[in-house]
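The next block holds one structure in the form of structure tokens; read it before the comments.
The values are calculated or read from the model by the stated rules, or taken from the named source; none is laboratory data. What you see is a predicted model, and the numbers here were worked out from it, not measured in a lab. Ideal geometry is used to build each Cβ from the backbone, glycine not excepted, and the neighbour counts take in all protein chains shown. All accessible areas refer to the heavy atoms of the entire protein, side chains included, with ligands and DNA or RNA removed. Shrake-Rupley method; radii C 1.70, N 1.55, O 1.52, S 1.80 Å.
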Amino acid sequence: MRQQTRIDRLVGEHAQALSARLQAHRAQLFPPDAKRQLRKFTSGEVAELLGVKDAYLRKLHLEGRGPEPETRAGGRRYYTPADIQALRDMLEKGAKSPGTYLPGRRDGDHLQVITVINFKGGSGKTTTAAHLAQKLALDGYRVLAIDLDPQASLSALHGVQPEFDLADGGTLYDAIRYDDPVSLRDIVQQTYFTNLDLIPGNLELMEFEHETPRAIVERSGKFFFTRIGDALAEVEQDYDIVVIDCPPQLGFLTMSALSAATAILVTVHPQMLDVMSMCQFLLMTSNLLEVVAEAGGDMDYDWMRYVVTRYEPGDGPQNQMVSFMRSMFGEYVLNHPVLKSTAISDAGITKQTLYEVERSAFTRATYERAMESLNAVNGEIEGLIQAAWGRKEAG
């Protein structure tokens, strides 16, 4: 007679074995005493980020103005992320129009809260959120990234391994729970990226999903959907932009994030099954948010866009699906898609984004194609942010 296996024990054994292997992998990549650091950027990359010519950076260096770059073989100059920020601060003082080098909020500008959502895993949601948050930070914005997904992939990309680093809490749940919440400031972590802070996630976030029905029944305190917005109000003056990576389901966490949002980014993988899944997701979202709106939730947004992810231009059915989406939703689909790229997926193996890895790790064409795609998407989103602040027309 075939022996049956208790599934709880089997899954538990697999989880423990996998956790131990991942910890060993992490220790190999980043020894416990090693502080994760962002690479230095070439003068060409810095010039592109600042919107100036490389020759101008060289002139500043020769005149002894601004930070001292590291000079390597062949006279190539390299700048740290802190150096880039120092250059922004210096150049902004002499800029003809304000915001040229420091493009963040000014008096009267509201905090931009961008919620990145999708119902189906594998849509590139976390990758999109991570690259957006990092590029905005490199562009001089003060950014807070929030990992609301209990699977915590965004946290892992920024060097946080939830089961080891967050044993005593430290997620957004601590600030939005119904009993004895803590200050949001107490859980914000600085990352190795200048201008980018993180609130990591882990399985503890599921507690909010379990506790909210009880709170609704007891009618205790404020509505669940205001809790993330209320927590963000504490740190509102510290940031220009908040990027929230939501879990791939429509629970209380996602609805609270949508209520706190000023903008929504929906990631879509252009295949029929994914688009059908998105259709169900949109129907459910609409019904649930209508209930939240009727209960007093704020449903006014600056913008909403669909971003096509993991796009393969040579794939006929994908092209048909993108055309279908554009005919349906028009300007609500971003003009630029995120290309499927080995450069992006290979970088993820070492828990890094494309902005972190060295260009030399890939063939030049592969790297540049992927980087051009990401920068185009993030540039469009930056245009929408600026337009929401009343500065530029959204492209």
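Lys/Arg Cβ at +1, Asp/Glu Cβ at -1, dipole of the chain taken about the Cα centre: which of 157, 365, 128 is farthest positive-ward? Farthest along the dipole direction, towards plus: 365.
Using the structure shown, select from 53/340; 93/125; 40/96; 96/340; 40/340; 40/125 the pairs with a Cα to Cα distance greater than 32 angstrom. Long pairs (Cα-Cα over 32 Å): 93/125; 96/340. Normalised by the number of residues in the chain, the average gap of Cα pairs under 8 Å and 6 or more apart makes the relative contact order 17 percent. With all protein chains in place and ligands, DNA and RNA left out, the 1.4 Å accessible area ranks 206, 328 as 328, 206, largest first. In bins 10 Å wide, starting from 0, what share of all Cα pairs of segment 196-253 does each bin hold, as a percent? Result returned by the calculation: 17, 49, 29, 5.
Answer rounded, prolate or oblate for segment 177-316, using the Cα gyration tensor with square roots of eigenvalues a ≥ b ≥ c: rounded when a/c is under 1.5, else prolate when a/b is larger than b/c, else oblate. Because a/c hits 1.5 or more and a/b fails to exceed b/c, segment 177-316 counts as oblate.
Arranged from highest to lowest average of other beta-carbon atoms within 10 Å per residue, in what order do the peptides 249-256, 44-51, 336-343 appear?
In descending order of packing, they fall as 249-256, 336-343, 44-51.
Dividing the radius of gyration of the alpha carbons in segment 103-242 by their Kirkwood radius gives 0.96 for Rg/Rh. Enter the angle in degrees (range 0 to 90, nearest 10) between the Cα long axis of helix 125-138 and the first principal axis of the Cα atoms of the chain, meaning the one along which they spread out most. Approximately 30 degrees, to the nearest 10.
Using the Cα coordinates of segment 238-395, the gyration tensor eigenvalues translate into equivalent-ellipsoid semi-axes of 28, 20, 16 Å, sorted from longest to shortest.
Against the main long axis of the alpha-carbon atoms of the chain, helix 206-218 sits at an angle near 50°. In this calculation the C-beta distance from residue 365 to residue 68 is compared with R0 = 51 Å, giving a FRET efficiency of 0.95.
Could you list the square roots of 5 times each eigenvalue of the Cα gyration tensor of the chain, that is, the equivalent ellipsoid semi-axes, sorted largest first and rounded to whole Å?
Details: eigenvalues 235, 135, 114 Å².
With the √(5λ) rule applied to the chain, the semi-axes are 34, 26, 24 Å.
Rounded to the nearest 500, the 222 nm mean residue ellipticity of the chain from helices alone is -14000 deg cm²/dmol, with -39,500 (n - 2.57) taken per DSSP H run of at least 4 residues. Where both bridge residues fall in the chain, DSSP classifies roughly 20% of the beta bridges as antiparallel.
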